[in-house]
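Contents: one structure, followed by commentary.
The values are calculated or read from the model by the stated rules, or taken from the named source; none is laboratory data. Remember, it's a predicted structure, so these values are computed and weren't measured experimentally. No Cβ is skipped: glycine too gets one built from the backbone with ideal geometry, and neighbour counts run over all protein chains shown. Heavy atoms of the whole protein, side chains included, go into the accessibility calculation; ligands, DNA and RNA do not. Shrake-Rupley method; radii C 1.70, N 1.55, O 1.52, S 1.80 Å.
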Amino acid sequence: MTPRIFIDAPFAVGDAIVLPSPALRHVHALRLERGDALVLFNGSDGADWPGELVVRLGAPVAVERELGCAVTLAIGMPANDRMDVLVEKAGELGAAAIQPLVCARSVLRLAGERAEVRRRHWQAVASSASEQCGRARVATVLPIAPFASWLRALDRDAATPRFVLSFDREALDPASAWAARGAQAAPSAIVLSGPEGGLEIAEEDAAVAGGFVRVGLGPRVLRADTAPLAWLAWLGVQGLARGRQR
């Protein structure tokens with residue numbers, strides 16, 4: 001059934017109607033989108049007025065709420081709905097891109113059409129996160145990739161700082177690792193985080209051989225969906241973000 005909305009105003013064919021606040025709340029509650037059909041009535045002329053939802057744009061307003069460094073999170077996908085939450089929160093915290101990975105210890109393993117369906121779902125989650133948090137950019141969810149092939153495809157000579165979240169006792173703290181790679185002035189960075197149980201030793205060693213620096217996040221063992229978010233939050237509170245709290 002086409003939604004009906006009451007507006008106390010006279011209508012004429014071809015009018016562009018500015019919806020008052022109560023009508024806007026109704027539109028939001030119904031999750032209507034541009035181009036969706038609706039019916040207006042004013043309660044006085046005895047008619048229904050069919051129309052469609054239109055967005056009329058004004059002059060653009062520049063919005064700068066991004067991290068000072070464009071961070072790609074390369075993540076060994078956590079199982080169940082934890083990846084949804086991770087994508088949502090990473091989007092809110094300012095990730096520029098999210099690279100889902102299938103690692104040796106991954107429980108969630110997707111390929112082919114199933115992988116693309118899930119990627120599109122996560123991209124929608126990222127879009128919703130930007131709507132909520134006020135970002136004018138949306139984190140890009142990249143196609144799911146096996147860990148080994150993703151690592152091989154990286155440019156080993158690239159100047160982009162790379163970090164791998166690690167349980168190793170010799171891992172640097174975030175501030176020391178960031179400074180060691182000269183990341184303060186870098187336009188982008190890659191942060192690698194494993195699935196449940198972490199990366200296997202061979203995977204982590206391969207990442208380090210590829211230019212990644214081991215980073216520890218303290219004495220507690222964080223879940224696979226918590227650790228990369230802790231890193232992003234650290235970037236924000238260290239003044240490496242140009243956003244604002246809400």
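Which of rounded, prolate, oblate describes the range 82-183, given a ≥ b ≥ c as roots of the alpha-carbon gyration tensor eigenvalues and a/c under 1.5 marking rounded, otherwise prolate only if a/b is larger than b/c?
In terms of gyration-tensor shape, oblate.
If the label point is 7 Å along Cα→Cβ of V117, which residues in the range 139-156 have backbone nitrogen under 20 Å from it?
141-146
Keeping all protein chains in position, work out how much accessible area D8 exposes to a 1.4 Å probe, and write it in Å² to the nearest 10.
Its heavy atoms expose roughly 130 Å² to the probe.
If you plug each phi of the range 189-204 into the Karplus form 6.51 cos²θ - 1.76 cosθ + 1.60 with θ = phi - 60°, what whole-Hz ³J(HN,Hα) values come out, in order, with x for Gly and Pro?
After applying 6.51 cos²θ - 1.76 cosθ + 1.60, I find 7, 10, 10, 9, 9, x, x, 4, x, x, 5, 5, 4, 5, 5, 5 Hz.
Which FRET efficiency value, to the nearest 0.05, do you get for D205 and S149 by plugging their Cβ-Cβ distance into 1/(1 + (r/R0)^6) with R0 = 25 Å?
0.90
What angle do you read, to the nearest 10 degrees and between 0 and 90, between the alpha-carbon axis of helix 21-30 and the longest principal axis of the chain?
Orientation of helix 21-30: about 60 degrees from the principal axis.
Just to be sure I understand the model, the point goes 7 Å from the Cα along the line to the Cβ. What's the resulting A12 to L57 distance in nm?
2.9
Given a 1.4 Å probe and heavy atoms of the protein chains only, how would you sort S166, S128, S44, largest accessible area at the top?
Most to least solvent-accessible, the answer reads S44, S128, S166.
Suppose all protein chains stay in the model; what accessible area per residue would a 1.4 Å probe give for the chain, in Å²?
57
Accessible surface of I201 in the full protein assembly, 1.4 angstrom probe, to the nearest 10 Å²?
Result for I201: roughly 130 Å² accessible.
So if I place +1 on the C-beta of Lys and Arg and -1 on the C-beta of Asp and Glu, and nothing else carries charge, what would the dipole magnitude of the range 126-246 be about its Cα centre? I want it in debye, nearest 20.
It works out to roughly 620 debye.
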